[in-house]
Amino acid sequence: MSRHYQVESGMSLTGSNADHRILVKPSEQGAAIANLYNEVAKLTGGSSISAPKVNDAALGMLKKAAKDLVENKGKSLVLSGSNNTSEQVIINATNALLGNIGTTIDFNEYSNRRQGSDSDYQNLIKEMESGAVSTIIFLDANPVFDGANNAKFKAALAKVGTKVAITIAMNETANVCNYVAPCHHNLESWGDANPVAGNYSLVQPTIAPLFDTRQAEESLLVWSDNTMNYHDYLMENWKSMQSGSGFASFQSFWDNCLHDGVFSTGATNNSVSFSGDVNAAASGVSQPANAPLEISIYESVNIGAGQYANNPWLMEMPDPVLRTVWGNYISVPVNWDGINNYTAFENLEDGDLVDVDINGKKVSCIAMRQFGQFPGTVSIALGYGREVVGLTGKNIGTNINALLEADNKGYTQYYSTQVSLKKLSKKDPNFACVQYHHTMGVTDNGKEENKVINADEKILGYKGFQGSLTKRNVIRRTNLNELPKAVTELKEERAEFKRLNDRTLYPGHQYKYTSGHHWNMFVDLNSCTGCGSCTVACMAENNVPVVGKFEVHRHHEMTWLRIDRYYYGDINNPNVVYQPLMCHHCDNAPCENVCPVNATNHSSDGLNQMTYNRCIGTRYCANNCPYKVRRFNWLDYTTADLFGINENRINGEELPFYADNLTRMVLNPDVTVRSRGVIEKCSFCVQRIQEGKLTAKREERQLHENDVKTACQTACPTGAITFGDRNNKESKISKLIHSPMAYRVIEEVNIDPNVVYSMKVTNRSEETIG
Amino acid sequence: MGAYVSPVREPLIIGNKTYHQITEDICSPTEKTPTKQFVIGFILAATFLALYVFSVTWTVWVGIGSWNLNRTIGWGWDITNFVWWVGIGHAGTLISAILLLFRQKWRTGVNRAAEAMTIFAVICAGQFPIIHMGRVWMAIFIFPYPNTRGPLWTNFNSPLFWDVFAISTYFTVSLLFWYTGLVPDFATVRDRASGWRRKLYSNLAFGWTGSAKHWQRWESLSLVLAGLSTPLVLSVHTIVSFDFATSVIPGWHTTIFPPYFVAGAIFSGFAMVQTLMLVCRKTMKLEDYITLEHIESMNKVILLTGTIVGVAYLTELFIAWYSGYLYEQFAFYNRVFGPYWWSYFGMMGCNVISPQIFWVKKFRRSIFITFFMSIFINIGMWFERFVIIATTLARDYLPSSWSYYSPTWVEICLFLGSLGLFFTCFLIFARFAPVVAIAEIKSILKTAGDNYIGPNAVHAPHHDTHSVEEDNHSHH
């Protein structure tokens, strides 16, 4: 099993999935990289370089990391997000020492993405300032918003004579151009791509253009006086690739590529070795600062650097770590007093407004207390606070992009040591976070008791963070060295649950659901990274409405599938577990027996179904759901009824989004749009199940395992979600649910859920445990 | 002046009433021009009723989103109000039916008003399960009427469906019982009235003549209805408690709920009777009929039921600990020390601790203290329901979903407005119907062993009873 060390100051999504987090200040990043190199060099016989000092705790951990790396020479990998070329040179040198080049780092099938250059962009500013640029064309770019030194960029741009923006929607850059050329959306366009060396793919339109737009490439052809249309141009271009493809005619080659979507020319054969100057690089690493506070700035998981800010699904998707929506929130470290209480930096509480001064520029942010944030640091996401954008993204959150600066080589620096933070006496009245309890099993060496204490239970009854009794059968996790013990324990506990659950008042119903299909879902907590793709896929597939910040503030989010995030382990540097939670389709469903009108009931194949037009909205089912996955249409989120007054406006739009015919095009015609006053919840994508069944029936065959896949399952990048028919003994699901690591959440309540989880296993170094 | 006095028993009616005087005293409020107090009270109540109508309209028009309930807490003030009102509606039937069967004659002084209170409280209660529906226009689905939807019928497993029958049965029987009692009294008013009032009351009196046959049937019917009501007093709140007890939510899933709810209901019902009676006897000058004796008796019931409720609270805590079941333990820990701790302490303080002062006779007989205690208990019992409903839902199995809830103005106005509905109904009742059961109270003016002390009295009475002393003196 792999082991992941993450060096960072704030809790990132990647860091939250690591086995160990090594906490450093942002300015210590270079020092950490250089020290890691030295430790690796020490063990591999290399010569060391001059390295700035990194904090002691981090150094100790870096030594352990180096030991693990060297023990796994050729099978390890060191990566850095640093935007300092010297630091990246040292990273390459470290990998070279570890023999990773050519093994874990593949130069034959490399990615072509991220080839932009920050320094070229800074040079462009200079050139524009000097008047050397007469014409500029922006294609899918918005540097006036998202580039470092963007105020300078905007001022310099004014000196350019002809400014053309090719864009699908207005943005900050297009707004200051002379010409805007509206182009097709991706789904309306032809195109090709070469994302990875040796792999070519084709883009073909799935819909006729909705508006009077022209494809970007088409525009370029026209402007270059080329009379060929883009489709022909594209085909012409591909003709050179036919040779060696094995196809006789170009037409068959083309048709085949279109059908497959990809054409591989095979991997190249590059011989690469490290030839950098490590010692020269050592002098270029960033130096640790002695500042009382540092800030790290990161691209948001949801909306990147701001390019997706106008997508309501992404705005409403909770940040995987913070669990906040509709905005960026500044993460401030929490301080555990070692006895029974937490305080946060500056006594901040969630939702407090703060003034932040970064590099002499002042912005107002909303605070959020964050476990695992290194003391003396804060962090905040980029991409928010856009001004020229559709209604969804306009003025949501704080514009941090405007504060970005570049180093002397022109590389954007995503941290600052010139930062101060002042608490204001106001709170964000609509502070929106979908999870208010964050920990499950955080421990500490208690100050008073001198032994490992359960910090969650110590906090019970105190204000601030909520305490909890933590031996809940919700999350199961263990470390690799304790896995056999955990599996035995799980087996014993499940046997006890079974004994209790078998003592029923209604015996003799075991035959139920043993014939026909019986749908089950399996979620591997080990594979789940908490990225949130499944939650967005679910909203798209099932017409789940977006409700806006105010409604989420009131806990009115409609998500059928959510990802719970809990911290556990060392309270000062916890590990994280993510748990996707959807309707468990319990065979002994507590929601079903309480509905007075039978609006929710059980299908013969084990689905807990909602009959929307029978629902009268008593919410009794939601109350009685132990997983709290049922969602009520508090207002007319989908503009389905005749009343105007109860329509929900998200960001000051005049016409509610769902009343807009363009927005309504996102609705899935296979799924009912719910009106206000009814309950809804995960249906296991029943429309897909029905479609699969119908296909099998039409083709006069048995239902195959691959006929039915839920939206969340198809969206999951790590394959953490498996769905299928439990009664099909050949299916993957029927094997997975009997894995020794499989468990059901609160199985002892005897609700017989049809969602099965697999225990999370970390691989922490044994010597660091306890 | 004449009166009946007993040598051993304190009289249930004081003031040396004659039968005619009783009629006069009780009928007169329906015959006189309303007092200023009444008019002010009525305007106030009607204003709150208007507020109620407005907030109901707002809720239906805008949706339940006009409230602050959320994905975790699906019931809050709405169902709290429902259970609170149903609870209040328990005293009337208990007084009329169970005390009738137990031959507690003091009940006649308060039973009419208490029954009226029951009817109106149940009316208020019945509103909330309807208003709280997301699609109130589809409320008819909860009735098992024949339809063409095949298997999609009402769910006979659902406690909410049982509620429909529990509440409607209780309402029907209580209404019949109350109206049956009113028939001879309406006839009394009719006989004294003229013009449109005579017409109105003759309709209301169903042609009552006071014949022996009428009385005989009336008595039998009263007994039958008392017999029917008695189990209902116990069953209604038992079924309401099933809404919670049959669930799987820790803090709801409790077998103690039925007796605990019934005791709490009687407790709060008596408190409300006290509130109303103390105002009525003062403003309608009924001190002779609703005496300190009544007040003290009811305070004893309050002390008893309050203590039962207190024992239930402590039992819950004990069982939660004793169960060894983590979720249960946490649910109760959360009740006491969680973010809603104030409602738990409000409940404990008002319901368990403060009624203990009624161990002292002086306090039991103090009108001032009784009035404040009755208000306290009503507040405490509201808190109890809030604790059970909202606090429990706020934090159950999965900590990720825990939340907090505070009401919007709509929810607050619905509650205040329902008080308006209640008091408007009650004031109309007090204006048009005899608030004390004339026929029944006359039956206790003289009980076995009492002696007549008025003119033409044969025997000189034994006069150690304080209240008749002056009267006796004048006849000697």
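Laboratory data are not the source of any read-out in this text; all were calculated from the coordinates shown. Treat the numbers as computed from the prediction; the structure is a model and nothing was measured. No Cβ is skipped: glycine too gets one built from the backbone with ideal geometry, and neighbour counts run over all protein chains shown.
Before moving on, here are some points about what is shown:
- Histogrammed with a bin width of 5 Å, the alpha carbon distances of the range B:39-160 distribute as 2, 9, 13, 15, 16, 14, 12, 9, 6, 3, 1 percent, first bin at zero.
- Cubic angstrom per residue, convex hull over Cα atoms of chain B: 174 Å³
- Rg and Dmax [Cα atoms of the range B:243-332; Å; Rg one decimal, Dmax integer]: 18.1, 57
- Cα centroid separation, the range A:493-526 to the range B:227-259: 30 Å.
- Between the helical axis of B:159-192 and the longest alpha-carbon principal axis of chain B there is an angle of about 20 degrees.
- With the biggest extent put first, the Cα atoms of the range A:507-572 measure 48, 38, 25 Å across the principal axes.
- The charge dipole of the protein assembly as shown, taken about the Cα centre with unit charges on the Cβ atoms of Lys, Arg (+1) and Asp, Glu (-1), comes to about 3560 debye, rounded to the nearest 20.
- Taking only the Cα atoms of the protein assembly as shown, the ratio Rg/Rh comes out at 1.07, with Rh defined as the Kirkwood radius.
- Projected area, mean over directions - the range A:477-762, Cα convex hull, nm²: 17.9 nm²
- Cα lying deepest toward the dipole's positive end in the protein assembly as shown, options A:441, B:218, A:353, charges on Cβ: B:218
- Size of charge dipole - the range B:1-90 - debye, nearest 20, with Cβ of Lys, Arg +1 and Asp, Glu -1, no other charges: 140 debye
- What the Cα atoms of the range B:284-368 give is an Rg and a Dmax of 17.6, 57 Å.
- Loop-located GluC sites (Glu not before Pro) in the range A:17-114, at most 15 other Cβ atoms within 10 Å (DSSP): A:109
- Among A:523, A:144, a tally of other beta-carbon atoms within 10 Å of each Cβ gives an order, fewest to most, of A:144, A:523.
- Ranked for footprinting exposure by Cβ neighbours inside 10 Å, fewest first, A:645, A:616 give A:645, A:616.
- Scattering profile of the range A:294-440 at q = 0.16 Å⁻¹ [log10 I(q)/I(0), Debye over alpha-carbon scatterers]: -0.86
- Folded to 0 to 90 degrees: helix B:292-323 orientation relative to chain B principal axis, Cα: 20 degrees
- Note on A:735, B:213: ascending count of other Cβ atoms within 10 Å places them as B:213, A:735, the fewest first.
- Computed magnitude of the charge dipole of the range A:659-752 (debye, nearest 20; Cβ of K, R +1, Cβ of D, E -1): 100 debye
- Shape summary: the range B:191-264 maps onto an equivalent ellipsoid whose semi-axes, from the alpha-carbon gyration tensor, are 45, 16, 8 Å in decreasing order.
- The range A:310-338 versus the range A:201-215: alpha-carbon centroid distance in Å: 35 Å
- In range of the label at residue A:491: residues from the range A:737-756 whose backbone nitrogen is under 12 Å from the point 7 Å along Cα→Cβ: A:740-741
- Between the C-alpha center of the range A:555-634 and that of the range A:113-157 there is a gap of 49 Å.
- Principal-axis analysis of the Cα atoms of chain B puts helix B:326-337 at an angle of about 60° to the longest axis.
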